[in-house]
Amino acid sequence: MAETPDQRRNASGERGVVATDPALPPTAIDEEVREAEDRKWTPGKIALWAGIALLGGLAWFMLAIIRGETVNAIWFVFASVCTYLIGYRFYSKVIERYITRPDDRRATPAEYKADGKDYVRTDRNVLFGHHFAAIAGAGPLVGPVIAAQMGYLPGTIWIIIGVVLAGAVQDYLVMFFSMRRGGRSLGQMAREELGVIGGTAALIATLLIMVIIVAILALVVVNALGESPWGVFSVGMTIPIALFMGVYLRYLRPGKVMEVSLIGFVLLMAAIVGGGIVAETPWGADIFSLDKVTIAWGLIVYGFIAAILPVWLLLAPRDYLSTFMKIGVIVMLALAIIVVRPEITVPAFSEFASRDNGPVFPGALFPFLFVTIACGALSGFHALISSGTTPKLVEKERQTRFIGYGGMLMESFVAIMALVAAISIDRGLYFAMNSPAALTGGTVETAATWVNSLGLAGVNITPDFLAETARNVGEESIVSRTGGAPTLAVGLAHIMQQFIGGTAMMAFWYHFAIMFEALFILTAVDAGTRVARFMLQDSIGNFVPKFKEHSWRPGAWLCTAIMVGAWGAVLLMGVTDPLGGINTLFPLFGIANQLLAAIALSVCLAIVAKRGTFKYLWIVALPLAFAAVVTITASYQKIFSSTPAVGYFANNAAFSKALADGKTEFGTAKSVAAMEAVVRNTAIQGWLSVIFVVLSIIVIATALLATVKAFRNRADGTAVKDNEDPALPSRVFAPSGLIPTAAERELMAEWDKVPAELRFEKGGHH
Amino acid sequence: MAARLAVLTRGVRGVARYFGGVLGADAYAKYLEHHRAAGHGVAPLTEKEFWRDRTDRQDTNPQGRCC
């Protein structure tokens with residue numbers, strides 16, 4: 001058996017420096033025992049993995065090669081789950097073995113910094129759920145739906161392969177390196193590893209990216225709630241429900257989190273049912289039918305208030321509700337898809353896969369499919385969660401593979417299920433819902449005519465069908481409901497009604513889906529605004545020290561107003577965009593998210609190089625190179641493309657010229673004011689793209705420089721300073737994965753015999 | 001039958017405990033455990049004080065939520 005780097009490292013002294021307490025049982029499984037266990041292939045184990053590989057292979061064959069008239073949704077489940085299992089069992093172990101090299105004899109921050117509050121050792125399975133709830137939100141539910149324009153196969157391949165080789169790798173590495181640094185944030189790590197220039201560029205990029213991401217998530221909510229009295233009522237009710245829960249937890253029954261979450265859940269269901277009743281009444285329809293601009297303004301005002309209100313009143317209780325719903329909904333969706341197994345009629349590659357003028361999002365498959373689906377395949381935003389919160393809760397170093405890599409696989413599975421739900425609806429309906437009103441005309445008649453004129457194979461919809469679907473889901477109209485959320489809601493309602501309740505329940509399921517998506521997004525908007533506000537306060541604080549005082553009200557309010565103003569402006573731009581907001585802005589969301597991933601992977605690359613792991617640097621370099629190529633190409637096309645639908649500046653020039661020529665309408669803009677709006681919006685979007693890509697290139701370049709420097713230092717024997725916290729001996733043991741291995745069970749039994757007072761060092765840190 | 005019921009209750013309790021853990025409902029219990037283990041001379045915070053302190057600290061130390 002080949003030596004692992006761990007063993008080789010013994011000589012250089014990096015390992016084995018941690019002397020654990022001899023009075024206690026070992027805090028880690030013996031290296032050789034684990035190796036032997038890992039490498040022992042019993043017939044049962046061989047049969048199991050051969051079975052998984054065969055089933056996965058068959059599923060991919062059914063999806064990618066056979067591609068009959070229809071394909072059953074169950075193949076998506078098998079293809080994804082089998083690939084995840086193989087990726088987890090084999091690839092993530094390669095990463096563990098050669099890159100992260102965890103050492104369970106070292107105490108984690110949760111142990112050596114234990115304070116019972118922020119640094120708390122948490123059971124690995126609980127932390128898995130906790131981490132998953134923090135990373136998964138509306139993103140994986142929206143991107144795959146929009147990307148379904150290209151057919152199901154490109155999206156499926158990118159989601160499944162992308163997560164195994166890129167997304168989960170990023171999450172795992174960031175989590176591990178942050179854990180080795182006491183739970184430091186990505187921004188702090190960037191500064192340490194890349195220096196002032198790289199660190200500052202990373203900070204500004206992160207701040208801008210957060211603004212874009214919050215704005216576009218908010219746009220998804222606005223699009224789902226526009227002219228939908230039912231949706232506005234039930235989503236609006238989440239605010240009083242959350243306030244009630246907050247007061248309940250603060251004054252009535254402190255700490256009864258489970259209880260209040262159940263009460264909140266019941267109230268939420270009541271709000272959904274109540275929304276249906278209210279929307280039926282003339283006064284309800286009158287009050288709650290709001291146009292998109294009004295809702296956008298409402299959301300902006302709400303966002304500001306929510307970000308300055310104390311956490312206990314609104315944010316914390318809604319977070320409980322959101323987590324509760326998240327796990328429930330995802331289990332429900334998975335069950336429904338497995339039970340109902342819908343037949344998919346969408347082709348593997350649609351007519352738009354080879355074109356760059358799709359109505360849902362413009363641009364060619366490469367690179368735009370890879371930015372449209374960010375969350376679920378590779379999401380830079382996760383780096384902000386994987387650094388900071390979760391690493392402070394990890395019990396043992398080896399568990400980061402399960403929590404970081406495994407947690408991201410789970411999110412990818414959510415993305416696959418969202419994709420299945422979206423493609424299980426009629427294809428004509430999909431295009432009628434997801435194309436901007438400027439194309440569909442906004443009425444059932446014009447939309448049906450327009451969709452049928454696209455010349456898509458097997459698509460022939462009638463105005464009646466569109467009207468009936470709208471009636472079934474309890475909406476006025478479903479034409480041009482862009483943003484992905486309504487399409488997913490129709491898909492989910494379509495699947496769930498076959499599972500529970502029939503057509504009569506469709507409206508409930510539709511609004512249930514809209515409700516949870518809105519809930520996730522509002523939580524992300526609140527938290528995002530707050531996080532961005534603190535980042536801004538700290539940045540300004542470098543020049544005006546007063547701003548660093550977080551309790552200084554004027555500073556806090558000013559910075560909140562700046563952040564809300566920034567995302568609010570982008571949101572309003574999207575809502576009023578004559579070209580259809582999602583269509584022009586969603587690529588920017590994906591580019592921003594993937595650029596953040598490139599930044600996070602750059603930081604990881606520099607760290608891995610500094611640790612002297614050059615042979616396996618490709619594991620980080622591969623996803624970094626891919627993310628960099630995709631986002632830089634996408635940005636390049638958005639900036640320089642001469643096709644107006646793709647390039648922001650080309651569009652800008654076309655509309656400017658039309659204005660200069662004295663035209664009063666041009667393309668989809670039907671008035672001079674609309675044309676001016678296009679000119680303004682495209683200029684802003686274009687310059688944002690320029691700023692993002694420049695900042696990211698700076699970060700990537702500084703990371704490459706740091707890597708080269710590490711390589712040189714290694715070559716001439718200069719010691720490389722690492723920024724890890726000093727290694728302290730651990731005094732606890734816990735298994736590393738979901739199911740403990742035989743050796744782990746044996747060691748756990750040994751630990752169970754240790755008297756309680758010996759198990760955890762007393763007050764060592766105080 | 002009674003045995004089956006016991007298994008079922010245990011299962012339901014386990015799920016509830018897991019859910020509670022994911023939501024963070026057991027934070028106070030864990031704090032008390034830590035407090036005991038660390039052997040501080042001072043009395044621990046009461047449940048009400050603990051939760052107040054927890055959300056108040058989140059005011060200045062927000063946790064991100066992803067898309």
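The values are calculated or read from the model by the stated rules, or taken from the named source; none is laboratory data. What you are looking at is a predicted structure, and each value in this text was computed from that prediction instead of being measured. With ideal geometry, Cβ positions are generated from the backbone for all residues, glycine too; neighbour counts draw on all protein chains shown.
B:Gln63 passes every criterion in (1) more than 7 Å from chain A (Cβ to nearest Cβ); (2) assigned to a loop (DSSP other than H, G, I, E, B); (3) polar (S, T, N, Q) apart from (1). Do we find that A:Ala271 is under 30 Å from B:Glu47 (Cβ atoms), more than 14 Å from every other protein chain (Cβ to nearest Cβ), in contact with a helix residue (DSSP H, G or I) (Cβ under 7 Å, 6 or more places away or on another chain) and in a helix (DSSP H, G or I) in this structure? It is true that A:Ala271 is under 30 Å from B:Glu47 (Cβ atoms), more than 14 Å from every other protein chain (Cβ to nearest Cβ), in contact with a helix residue (DSSP H, G or I) (Cβ under 7 Å, 6 or more places away or on another chain) and in a helix (DSSP H, G or I). Select from segment A:455-475 the residues that are surrounded by fewer than 16 Cβ atoms within 10 Å (Cβ to Cβ) and either in contact (Cβ under 8 Å) with a residue 60 or more places away in the chain or not in a helix (DSSP H, G or I) (or both) and list them in ascending order. Selection gives A:Gly455, A:Ala457, A:Gly458, A:Asn460, A:Thr462. Residue-level analysis places A:Arg712 outside the set of residues that are in contact (Cβ under 8 Å) with a residue 60 or more places away in the chain and not acidic (Asp, Glu). Looking at segment A:143-155, can you tell me whether even one residue there is part of a helix (DSSP H, G or I), β-branched (Val, Ile, Thr) and either away from every other protein chain (no Cβ under 14 Å) or under 24 Å from A:Thr345 (Cα atoms) (or both)? Yes, there is a match, as at least one residue in segment A:143-155 is part of a helix (DSSP H, G or I), β-branched (Val, Ile, Thr) and either away from every other protein chain (no Cβ under 14 Å) or under 24 Å from A:Thr345 (Cα atoms) (or both). The one condition from (1) over 25 Å from the mean Cα position of the chain (by Cα); (2) of a type in the set (Gly, Ala, Ser); (3) not assigned by TED's automatic domain parsing to the domain that holds A:Ile74 that A:Ser354 does not meet is (3).
Scanning segment B:27-39 for residues that are more than 7 Å from chain A (Cβ to nearest Cβ) and either aliphatic (A, V, I, L, M) or not in a helix (DSSP H, G or I) (or both) turns up B:Ala27, B:Ala29, B:Leu32. Looking only at segment A:293-309, decide whether some residue is over 26 Å from A:Glu411 (Cβ atoms), within 14 Å of chain B (Cβ to nearest Cβ), in contact with a helix residue (DSSP H, G or I) (Cβ under 9 Å, 6 or more places away or on another chain) and not small (Gly, Ala, Ser). Scanning segment A:293-309 turns up at least one residue that is over 26 Å from A:Glu411 (Cβ atoms), within 14 Å of chain B (Cβ to nearest Cβ), in contact with a helix residue (DSSP H, G or I) (Cβ under 9 Å, 6 or more places away or on another chain) and not small (Gly, Ala, Ser). Scanning segment A:409-454 for residues that are of a type in the set (S, T, N, Q) and crowded, with 19+ Cβ neighbours inside 10 Å turns up A:Ser412, A:Ser424, A:Asn434, A:Ser435, A:Thr440. Report yes if B:Ala43 is free of Cβ contacts under 8 Å to residues at least 60 places away in the same chain, outside any helix (DSSP H, G or I) and closer than 16 Å to A:Val260 by Cα, otherwise no. It is false that B:Ala43 is free of Cβ contacts under 8 Å to residues at least 60 places away in the same chain, outside any helix (DSSP H, G or I) and closer than 16 Å to A:Val260 by Cα.
Please enumerate the residues belonging to segment A:700-757 that are farther than 30 Å from A:Leu622 by Cα and β-branched (Val, Ile, Thr). Correct list: A:Val732, A:Ile739, A:Thr741, A:Val754. Can you report the number of residues in segment A:690-710 which are under 15 Å from A:Glu193 (Cα atoms), surrounded by fewer than 16 Cβ atoms within 10 Å (Cβ to Cβ) and among the hydrophobic types (A, V, I, L, M, F, W, C)? Result for segment A:690-710: 3. Across segment A:178-194, the number of residues qualifying as of a type in the set (Ser, Thr, Tyr) and not in a helix (DSSP H, G or I) comes to 1. For segment A:135-160, filtered to residues that are crowded, with 24+ Cβ neighbours inside 10 Å and among the small types (Gly, Ala, Ser), the residue that is nearest to A:Arg181 (Cα to Cα) is A:Ala136. Contact map, segment A:324-342: first residue within 14 Å of chain B (Cβ to nearest Cβ), second residue surrounded by fewer than 17 Cβ atoms within 10 Å (Cβ to Cβ), Cβ cut-off under 7 Å, separation 6 or more or different chains; pairs are A:Phe324/A:Phe265.
Kindly indicate whether A:Glu69 is acidic (Asp, Glu), within 25 Å of A:Ile425 (Cα to Cα) and in contact (Cβ under 8 Å) with a residue 12 or more places away in the chain. So A:Glu69 fits the description; yes. For segment A:241-261, the set of residues classified as at the interface with another protein chain (Cβ under 10 Å from one of its Cβ atoms), of a type outside the set (D, E, K, R) and without any contact (Cβ under 8 Å) to a residue 60 or more places away in the chain consists of A:Tyr251, A:Pro254, A:Gly255, A:Met258, listed by residue number. Quick check on A:Leu127: is it surrounded by fewer than 22 Cβ atoms within 10 Å (Cβ to Cβ), part of a helix (DSSP H, G or I) and out of contact with any Lys or Arg (no Cβ under 7 Å at 6 or more places or on another chain)? Answer is no for this residue. Right, A:Ala306: buried (at least 21 other Cβ atoms within 10 Å of the Cβ), under 16 Å from A:Ile495 (Cβ atoms) and at pLDDT 90 or above or not? Criteria not met by A:Ala306. Looking only at segment A:78-113, filter to residues that are out of contact with any Phe, Trp or Tyr (no Cβ under 8 Å at 6 or more places or on another chain) and part of a loop (DSSP other than H, G, I, E, B); which one of those is surrounded by the fewest Cβ atoms within 10 Å (Cβ to Cβ)? Once the filter is applied, the top-ranked residue is A:Arg101. Would you be able to say whether some residue in segment A:645-659 is under 30 Å from A:Ala202 (Cα atoms) and loosely packed, with under 14 Cβ neighbours inside 10 Å? So far as segment A:645-659 goes, no, none of its residues is under 30 Å from A:Ala202 (Cα atoms) and loosely packed, with under 14 Cβ neighbours inside 10 Å.
A Cβ distance below 9 Å, combined with a sequence gap of six or more or placement on separate chains, defines the contacts here; from segment A:110-126, residues that are under 17 Å from B:Gly20 (Cα atoms) and more than 9 Å from chain B (Cβ to nearest Cβ) reach residues that are hydroxyl-bearing (Ser, Thr, Tyr) and surrounded by 21 or more Cβ atoms within 10 Å (Cβ to Cβ) in the pairs A:Arg124/A:Ser736.
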